[in-house]
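Okay, so here's the structure we're looking at.
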Amino acid sequence: MECIFCKIVKGEIPSKKVLENENFLAFHDINPIAPIHILIIPKEHFENFSDTPKETFAKMSDFIKAVAKELDISDYRLITNNGKNAGQEVFHLHIHMIANPGEKLKWPKLV
Ligand code: 5GP
Ligand code: ZN
């Protein structure tokens, strides 16, 4: 069975898109934890950070900056949960882009 983010890439599940190019897609998280909470994914399916080639990350880094530009934010936090015990629930690589423009994000105690 195909993963939910692959279905979002194909348009089989709707999403609120922020930016898209040939290789990557950025869309709003369905359950935001901050005023800005975007998920940035490669269109190609990789399970997580451990599974992703560095060439993909090199390109993804430019795309992430383009997403920040599109949102007109300079300050943001990037997170990727790598594996179940790190909190990964969707096993298609995604970077969370989180921001609260004009305010300082908290850095919560996680354990
Ligand atoms: P993870 O816990 O794997 O790092 O993050 C998965 C994220 O995907 C969660 O923040 C969750 O809210 C989000 N998510 C799960 N299903 C959907 C969906 O169908 N659409 C959108 N836009 N976000 C989703
Ligand atoms: Zn997938």
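Scan segment 17-58 for residues that are within 16 Å of ligand 2 (Cβ to nearest atom) and of a type in the set (G, A, S) and report the count.
2
Just need a number here: residues in segment 19-39 that are more than 11 Å from ligand 1 (Cβ to nearest atom) and assigned to a strand (DSSP E or B).
Here the count works out to 4.
Could you list, in sequence order, the residues of segment 5-16 that are crowded, with 16+ Cβ neighbours inside 10 Å and either away from ligand 2 (no atom under 14 Å from the Cβ) or in a loop (DSSP other than H, G, I, E, B) (or both)?
The one that is crowded, with 16+ Cβ neighbours inside 10 Å and either away from ligand 2 (no atom under 14 Å from the Cβ) or in a loop (DSSP other than H, G, I, E, B) (or both): S15.
Out of the residues in segment 26-66 that are polar (S, T, N, Q) and either in contact with a strand residue (DSSP E or B) (Cβ under 6 Å, 6 or more places away or on another chain) or open to solvent by 50 Å² or more (accessible area, probe 1.4 Å) (or both), state the one that is nearest to L105 (Cα to Cα).
Of everything passing the filter in segment 26-66, N31 is nearest to L105 (Cα to Cα).
The values are calculated or read from the model by the stated rules, or taken from the named source; none is laboratory data. Predicted model only: the values in this text are computed from it and were never measured. FYI the Cβ positions are ideal-geometry reconstructions off the backbone, even for glycines, and counts take in every protein chain you see. Keep in mind that these areas ignore ligands, DNA and RNA; they rest on the heavy atoms of the full protein, side chains included. Shrake-Rupley method; radii C 1.70, N 1.55, O 1.52, S 1.80 Å.
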